[in-house]
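Working notes for the structure below.
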Amino acid sequence: MSSSSLPSISVCIPAYNEEATIESAIRQIEAVLQKLSCDYEMIICDDASVDRTAETIRRIAAENPRVRPIHHKKNRGIRATFEELYAAAEKEAVFLIPADLQWPPEILPGLVAHWNKADIIIAARVDKNYGISRSIVSAIFNFIPWMLFGISTSDAGAVKLVRREIIEKMRIISTSPFSEAERIIRAVRAGYRLQSIPTVTRPRSAGVAQGVRLKLLTGAAADVWRVWWDIRILGN
């Protein structure tokens, strides 16, 4: 793909207690973006970290005008952080990647290579490095969209490259991380193209994993019902 046909990219980075990796993540991601030679911005949201994550982000943003920091005074959780990053994005494509370096930043060119063939490109994990209980929960929530909506969302919680117009157009009612699957479901139903790219990731080496929490699970289960009712019964 020539540089003239590359999309402009908003790289969105959620971070919570990632002082061990945040600077390296930012530097590595920017190096990949510079090699792509595309127009880009980097938006980094610190979700009220209690370590030196925020301080590191502020320092890098002061040095680099392409970096836009967002800081939460109170921890708002993963779903709210994702949605705030999405709303702040201004470029044609949105690439949300965590600061823990589980997904190597070098995967981005491989996703961009499919830009003209798909509107949502998912870096689906070959091995999620989950324990038994989390693997079961993940399998269930990946099966639900196919069972209830006839749509395979692949690895909905994975890193993905998304057309920003999808984020702007899709009405999302989920208040849990199921919002990632809901956005894919609604986009595919609206005719947008989905592609999944098998991706080798690494185990988390630092930071705080959100993991399987009862509150998140019950919220996601409630959202599944609400989205099914909104789409299947109300026709939205």
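The numbers here are math on the coordinates, done by the rules we state, and not lab data. Computed from a predicted structure; not experimentally measured. All Cβ positions, even for glycine, are placed from backbone atoms using ideal geometry, and neighbour counts span all protein chains on display.
Using a Förster distance of 30 angstrom, determine the FRET efficiency expected from the C-beta separation of Leu148 and Glu168, and round it to 0.05. Write out the running numbers ahead of the final one.
Details: r = 25 Å, r/R0 = 0.84.
Approximately 0.75, to the nearest 0.05.
Specify which residue in the list Ile172, Leu108, Pro145 is farthest towards the positive end of the charge dipole of the chain, using unit charges on the beta carbon of Lys, Arg (+1) and Asp, Glu (-1), about the Cα centre.
Highest projection toward the positive end goes to Pro145.
Which whole-angstrom value gives the distance between the alpha carbon centres of the range 57-76 and the range 89-106?
That distance is 15 Å.
Evaluate the distance, in nm, between pseudo-label points positioned 7 Å from the Cα of Ala87 and of Leu36 along their respective Cα→Cβ axes.
Simple spin-label model gives 2.5 nm for this pair.
Could you compute the FRET efficiency for Ala221 and His71, with r as their C-beta to C-beta distance and R0 at 35 Å, rounded to 0.05?
On the way: r = 31 Å, r/R0 = 0.90.
Step by step, r from the Cβ atoms, then E = 0.65.
Based on the Cα coordinates of the range 1-108, what is the per residue volume of their convex hull in Å³? Can you show the working numbers first?
On the way: hull volume 9.9 nm³, N = 108.
So the per-residue hull volume is 92 Å³.
Any idea what the dipole of the range 1-106 comes to, in debye rounded to 20, about its Cα centre with Lys/Arg Cβ at +1 and Asp/Glu Cβ at -1? Display every interim value, and only then the final one.
Numbers: 12 positive and 17 negative charges, 36 e Å.
Computed about the Cα centre, the dipole is about 180 debye.
What distance in nm separates the two pseudo spin-label positions at Arg134 and Val200, each 7 Å out from Cα along the beta-carbon direction?
2.1
Per the Cauchy relation, a quarter of the hull surface: what is the mean projected area of the convex hull of the alpha carbons in the chain, in nm²?
12.2
Within the chain, what is the longest stretch that has no trypsin sites (Lys or Arg not before Pro) placed in a DSSP loop and near at most 12 other beta-carbon atoms within 10 Å?
Numbers: sites that count: Lys73, Lys74, Lys117, Arg171, Arg213.
Between exposed loop sites, the widest span is 1-72.
So how strong a dipole does the chain carry about its Cα centre when Lys and Arg Cβ are +1 and Asp and Glu Cβ are -1, to the nearest 20 debye? Don't skip to the answer; put the middle values down first.
Details: 31 positive and 26 negative charges, 114 e Å.
Around 540 debye, computed over the chain.
Take the residue pairs Lys35/Lys117; Lys128/Lys215; Lys73/Lys215; Lys35/Lys91; Lys74/Lys128; Lys91/Lys128 and return only those whose Cα atoms are more than 27 Å apart. Don't skip to the end; give the middle numbers.
Working: Lys35/Lys117 22 Å; Lys128/Lys215 22 Å; Lys73/Lys215 22 Å; Lys35/Lys91 18 Å; Lys74/Lys128 29 Å; Lys91/Lys128 29 Å.
The pairs that break the limit, which is 27 Å between Cα atoms, are Lys74/Lys128; Lys91/Lys128.
Toward the positive end of the charge dipole of the chain, about the Cα centre and with charges on Cβ (Lys, Arg +1; Asp, Glu -1), which of Asn75, Cys45, Leu194 goes farthest?
Looking along the dipole axis, the top candidate is Leu194.
If the chain between Ser24 and Asp127 were fully stretched, how many nm would it gain, using 0.36 nm times the residue separation less the Cα-Cα distance? Display every interim value, and only then the final one.
Working: separation 103, 0.36 × 103 = 37.08 nm, distance 2.32 nm.
In short, 34.8 nm is gained.
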